[in-house]
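What follows is one structure encoded as structure tokens, with my remarks underneath.
The values are calculated or read from the model by the stated rules, or taken from the named source; none is laboratory data. Keep in mind it's a predicted model, so treat the numbers as computed, not measured. Methodologically, a virtual Cβ is constructed for each residue, glycine included, from the backbone with ideal geometry; neighbour enumeration extends over all protein chains shown.
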Amino acid sequence: MTVVTAADGAQLHVDDRGEGMPIVLIHGGTEDSRSWDPVACLLVEAGYRTVAVDLRGHGRSDRTPPYGIGPFTADLDAVVEALELEDPLVIGHSLGGAVGGALVAGGNTRGMINVDGELRLGSYTDGMKRVVTTLEQDPHLGRDSVDAFFRPHLGPLLPERERQRLDEIRDVDPEVMIPLWTSILSMTEDELDDTMAMLASVVEVPYLFIHGSDPGAAYRRRIGELLPWAEFEIWPDHGHYPHLVDPERFVRCVVAFDPAR
Amino acid sequence: MATVTTPDGVSIAITEQGSGPTVLLVHGITESSATWGPVPDLLADAGYRVVSMDLRGHGGSGRADTYDLASMAGDVGAVLADLDAVDALVIGHSLGGAVVSAYAAGGPCRAVVNVDQPLALSGFQEGLRAVEPMLRGTREEFEAVMAGMFEQMRGGLDDATYADVAGSRRLVQDVVLGVWDLVLTASAAELDAVVEGVAGAVTVPYLALHGLDPGPDYAAWLTSLVPSASVEVWDGLGHHPHRAEPQRFVERVRAFDPAVPT
């Protein structure tokens, strides 16, 4: 465990392993750096240095507001600078995909892989609103409500071992989740799309989307308009965690995509 | 490869194979699980569940803010607890020998094998201080002094094995300096007190297996601190006797082990 101090003094926990070209791994909401374990092990064996961050309010990092894609991105900038990571490849899962998208828009990275993270809320909106309402009204039901939110997205192929591991990692802290999810939900679909377009307009690096289910033709078309050079892969039935269903395939895919290899 | 997260948040990479009584392997400084070469396979064939871990800052394990002996001994405890294997035979080579000794001083295990790590550290301390400016110097100086140290301890390794061992090393300066911080900064008396505190608390069967002769007085000194210890010198094999003669090493472990392998 390495600790990096953010601009506002918050202590960020970083799992920094291996030696070689750096890869930054960004986890999804309610999770932490440990969710990358099976992938990080294989990436290190493949000759990479992996730097998996606990976003603020998650895992062992300080629970210090503000929480949101902007603050998370600033924290990652601090990590990249403190650990002197030169042109890292950025891999983000779910919420981490949006954070990674903002990070690569800032420059000095060599590519971005977005793992099942939609850059709009679409079908997730209602479920997220339900979770926030539950957390506000009865925090004790928060965990059940979050589990119910994720369950339909796990997919049929995720091994039981990984389900249990994610179950142990998942942490529902209303103090973090309410402000974070509220800030994400505060944007309309149009505002999200504008943000996505604005970020995409300054991205210059190779971009890969890996989805564990088809996010729909409209979304694929929009990504094609915004990032015409982006590669788009759908791994049917792999669900929200395609990298944990088949970590070997995922790492082969990273190596094949990585412009530095 | 799998990961165990320690209570202080460090990811420890482990590999596991075979079934039977558990043996835990802990490698030396700058090395990793890969440095054991054929030993894990041979132990698994001999009827053991073999777990090999990468120390913090080494191999596939995470970097940390501290690399002191107590933290690394704590990592051993975290791995064994996670594997539900508190009656393991713990085998450590070089730095790993010191780590498993420190673990056994406070944690449960059935026996210890320490491969070529003398616990009397005063001579090592003098040697290390002599090269301290280079260890703390430029990357080139650091790498040169480390390479020189390992070359000196080569002993009877053939070219292919020596290259294999050298190829498994990652020379990371801040990790090495962190590990050796105590030896570099403590007084000789403080170091002795630490060593006596650790060794004096070990009560399980303890085999010290040396490929470099630790000197005529070493066995008497060690058994005065660890009455359960026996010292064996496989003269001329060098710092990696288990790589020079892996089959003989596994047979010796099996004969020493108080648990009968299945």
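Taking the conditions (1) part of a helix (DSSP H, G or I); (2) surrounded by fewer than 20 Cβ atoms within 10 Å (Cβ to Cβ); (3) under 18 Å from the mean Cα position of the chain (by Cα) in turn, residue B:100 satisfies each one other than (2).
Just one of the listed residues (B:195, B:260, B:202, B:175) is touching a helix residue (DSSP H, G or I) at 6+ places or on another chain (Cβ under 7 Å) and either of a type in the set (Val, Ile, Thr) or part of a loop (DSSP other than H, G, I, E, B) (or both), namely B:202. Can you name the residue in region A:17-28 that is crowded, with 24+ Cβ neighbours inside 10 Å and in contact (Cβ under 8 Å) with a residue 60 or more places away in the chain and, of all such residues, is nearest to the other protein chains (Cβ to nearest Cβ)? Among those that are crowded, with 24+ Cβ neighbours inside 10 Å and in contact (Cβ under 8 Å) with a residue 60 or more places away in the chain, it is A:25. Residues that are touching a residue at least 24 places away in the same chain (Cβ under 8 Å) and over 15 Å from residue B:176 (Cβ atoms) within region B:72-85 comprise B:73, B:74, B:75, B:76, B:77, B:78, B:79, B:80, B:82, B:83, B:85, listed in sequence order. Surrounded by 24 or more Cβ atoms within 10 Å (Cβ to Cβ), within 14 Å of chain A (Cβ to nearest Cβ) and either farther than 26 Å from residue B:239 by Cβ or of a type outside the set (Lys, Arg) (or both): is that true of residue B:57 in this structure? Against the criterion (surrounded by 24 or more Cβ atoms within 10 Å (Cβ to Cβ), within 14 Å of chain A (Cβ to nearest Cβ) and either farther than 26 Å from residue B:239 by Cβ or of a type outside the set (Lys, Arg) (or both)), residue B:57 qualifies. Can residue B:140 be described as at pLDDT below 95, more than 24 Å from residue B:237 (Cβ to Cβ) and more than 18 Å from the chain's Cα centre (by Cα)? Spelling it out, it is not the case that residue B:140 is at pLDDT below 95, more than 24 Å from residue B:237 (Cβ to Cβ) and more than 18 Å from the chain's Cα centre (by Cα). Within the option set A:90, A:14, A:3, being surrounded by fewer than 21 Cβ atoms within 10 Å (Cβ to Cβ) and not in a helix (DSSP H, G or I) holds for one residue only, A:3.
Comparison of A:117, A:101 shows that the only residue that is in a loop (DSSP other than H, G, I, E, B), under 15 Å from the mean Cα position of the chain (by Cα) and over 22 Å from residue A:17 (Cα atoms) is A:117.
Scan (1) under 22 Å from residue A:52 (Cα atoms); (2) surrounded by fewer than 23 Cβ atoms within 10 Å (Cβ to Cβ); (3) among the acidic types (Asp, Glu) for the single condition residue B:16 breaks and write down its number. Single failed check for residue B:16: (1).
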